[in-house]
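Please read the structure below before turning to the comments.
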Amino acid sequence: MSIPARVSAILKSQLDVDDAKIVPAARLRGDLNASSIDIVEIIAAFENEFNITIPDDAAQNLRTVGDAIAFLEKTTA
Amino acid sequence: MSQQRVMVSGLGVVSSLGIGAAPVTAALRAGTTGIRQMPAMAEAGLKCQLFAPVADWDEALIQPGRSRQTMSRSTQFAVAAAEQALAESGLDPSSCDRERFGVVVGSALSGIHDAVATQAAGDAPGGASRSGVTSLVRFISSSAAGNLSARFGLRGRSQALCTGCAGGADSIGHAFELVANGDLDVCLCGSAEEDLWRHVGLTFDNWGAMPRETNDDPGAAVKPFSTARRGFVVGSGSGMLLLESAAHAAARGARVQAEIIGYGSANDGFDLFQPSGEGLKIAGAAALAQARNLRPGLRIAYLNGHGAASVIGDPLEVEAVRTVFAEDRPWFSGTKPLSGHAMGGAGSLEAVFTLLMMRQGFIVPTANLADLAPECSGVEHVCTLIDTPFPAAATWNSGLGGSNACLVFAQP
């Protein structure tokens, strides 16, 4: 499965949102209604899914779906 | 406030015998067992390879899906059962004074899978952050009570009562007292347990407290009160009741199903593993005295026993029946050969089974009781299905740690 598809699956599972809303420009908090707890869960899910560690400063910069995809593509390249 | 009479206005059940009152009633009547052979238990090397999983569980019963993030499987069972109880009662929580609407839900090991998974994530090198944060509210002991309170906006007492395998009866009993004493008008109460064969099952298997010679015949595995009894099979699930003061139920024109007329609870004060039987006698006598005070002359026609098919515990339980119920001599049977032993969930499941039997007018026999043990004789064992209406029934449980609790229900 591609990285965007894996990111989409995690967001769908964590946030219980429709696929149609999970677009690169969607903001995790503003558009997908992620709470601060959700963000911690999503970062943990990314770490488990991609077997990586995401430092706090990098995690803080993952504001949109596109940010997350770009970060994960770069980190796992 | 004077003592309030306490009614059961709804019940819900998630069990190995089915989900909901109708399928569970049918399974009880038919004597169907929910115990299953589990290849994973064989692979793990357990000598007993039987377990009673919740039948046809689908977590999609819990909606919205996002709400499941804060729920262990045990809590999901409790929420599903509570929603059934609310639906049966016809009560809309938003129409109530929610500061007088409480929750009491017990469990022996609520959320243990989430606790184990969180620790495992943290134990991996560099894995601390991978455990996330929501697991915390899935594995705290008050997870079910907290989730139910948040889900329905309930602001009354919200508590978890953890007394091992007596926890279900104690939770219902405690809720009964809260409503009877006027602290609450309404209370959702019961208990729940998720799949514990990897935890409780392992230790009981090591102890030799589970049957080892019937892995290919699940229905014949659990033999309470028989000479061939070799222990119980671990199960899972939840039973939940909606309790309501008689005045509250009458004010909204509710069709109540039963009244709780007695509760007793006591510890053996003896040993963590071995029962003495004394606490069960004290709990039973207290419940019965309260019942006789509330409804003088009412005969307790049936007692749903703990019946864990324990070599030591079964004779002690029968001795307690002979002592406590000497006047009533109730029909006596156990349902664990059918449902399995859901640990902290057992007491509330068996309360629901008892209420379903009282509602429909039948009594389930103890399965696999062809060869009654002499040390378990002298009580009115039910060996074949009895079809008859009856006015009142009791259920009791004993648990690790010496806990015992007894409830008495009557027709309203």
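Tally the DSSP beta bridges in the protein assembly as shown and give the antiparallel ones as a percent, rounded to 5.
70 percent
Is it possible to state the helix-based mean residue ellipticity at 222 nm for the protein assembly as shown, with each DSSP H run of 4+ residues giving -39500 (n - 2.57), the sum divided by total residues, to the nearest 500 deg cm²/dmol? What is it?
-11000 deg cm²/dmol
What distance in nm separates the two pseudo spin-label positions at residue A:53 and residue B:311, each 7 Å out from Cα along the beta-carbon direction?
Between residue A:53 and residue B:311, the label points sit 5.2 nm apart.
In nm, give the distance between the simple-model label positions of residue A:27 and residue B:26, each being 7 Å from the Cα along the Cα-to-Cβ direction.
Calculated label separation equals 5.2 nm.
Which number do you get for Rg(Cα) / (2.2 N^0.38 Å) in the protein assembly as shown?
Normalised by 2.2 N^0.38 Å, the Cα Rg of the protein assembly as shown equals 1.04.
Distance in nm between label sites at residue B:251 and residue B:150, each 7 Å beyond Cα in the beta-carbon direction?
Result: 2.9 nm between the two label points.
Under 1.5 on a/c is rounded, so check that first for the stretch B:133-196, then, if it is not, pick prolate when a/b is larger than b/c and oblate when it is not; a ≥ b ≥ c are the square roots of the alpha carbon gyration tensor eigenvalues.
It is oblate, given that a/c is not under 1.5 and a/b is not larger than b/c.
Normalised by the residues of chain B, what does the relative contact order come to in percent, with Cα pairs under 8 Å and at least six apart?
Numbers: 1120 pairs, mean separation 97.8, N = 412.
For chain B, the relative contact order is 24 percent.
Can you give the accessible area of residue B:94, probe radius 1.4 Å, in Å² rounded to 10?
Accessible area, nearest 10 Å²: 70 Å².
Considering only the other residues whose Cβ falls under 11 Å of the Cβ of residue B:372, what net charge follows from Lys and Arg at +1 and Asp and Glu at -1?
In short, -1.
Running a GNM on chain B with Cα contacts under 10 Å, which residue among B:196, B:46, B:294 ends up with the highest mean-square fluctuation?
In this elastic network of chain B, the residue with the biggest mean-square fluctuation among B:196, B:46, B:294 is B:294.
Residues of the stretch B:94-135 that become at least 40 Å² less accessible with every protein chain present than in their own chain isolated, using 1.4 Å: which are they?
Buried-area filter returns B:129, B:130, B:133, B:134.
Tell me the total accessible area that B and A bury against each other, 1.4 angstrom probe, in square angstrom rounded to 100.
1100 Å²
Can you give the FRET efficiency for residue B:207 and residue B:40, using 1/(1 + (r/R0)^6), R0 = 30 Å, r = Cβ-Cβ distance, to the nearest 0.05?
For residue B:207 and residue B:40, the calculated efficiency is 0.90.
Between beta-carbons, use under 15 Å as the cut-off and find the net charge around residue B:251, counting Lys and Arg +1, Asp and Glu -1.
That sum, taken over residues with Cβ under 15 Å, equals 0.
So if I take the centroid of the Cα atoms in the stretch B:69-114 and the same for the stretch B:126-157, what is the distance between those two points in Å?
Each part's Cα centre sits 13 Å from the other's.
Where a ≥ b ≥ c are the square roots of the eigenvalues of the C-alpha gyration tensor, would you call chain B rounded, which needs a/c under 1.5, or, failing that, prolate if a/b is larger than b/c, or oblate?
oblate
Kindly provide the GluC sites (Glu not before Pro) of the stretch B:324-375 that DSSP labels as loop, not H, G, I, E or B, and whose Cβ sees at most 10 other Cβ atoms within 10 Å.
Working: sites: B:327, B:350, B:375; in loops: B:327.
In loop regions of the stretch B:324-375 (DSSP not H, G, I, E or B), the sparsely surrounded GluC sites (Glu not before Pro) are B:327.
In the stretch B:362-395, whose amide N lies under 11 Å from the spot 7 Å out along Cα-to-Cβ of residue B:299? List them in ranges.
From the stretch B:362-395, the list is B:390-392.
Using DSSP loop states and a limit of at most 16 other Cβ atoms within 10 Å to flag trypsin sites (Lys or Arg not before Pro), what is the longest stretch of chain B containing no flagged site?
Formally, the longest exposed-site-free interval is B:300-412.
The values are calculated or read from the model by the stated rules, or taken from the named source; none is laboratory data. Note that the coordinates shown come from a computational prediction; the quantities given were computed from them, not determined experimentally. Cβ: placed from backbone, ideal geometry, glycine included. Neighbour counts: every protein chain shown. These area figures cover heavy atoms from the full protein model, side chains too; ligands, DNA and RNA do not enter into them. Shrake-Rupley method; radii C 1.70, N 1.55, O 1.52, S 1.80 Å.
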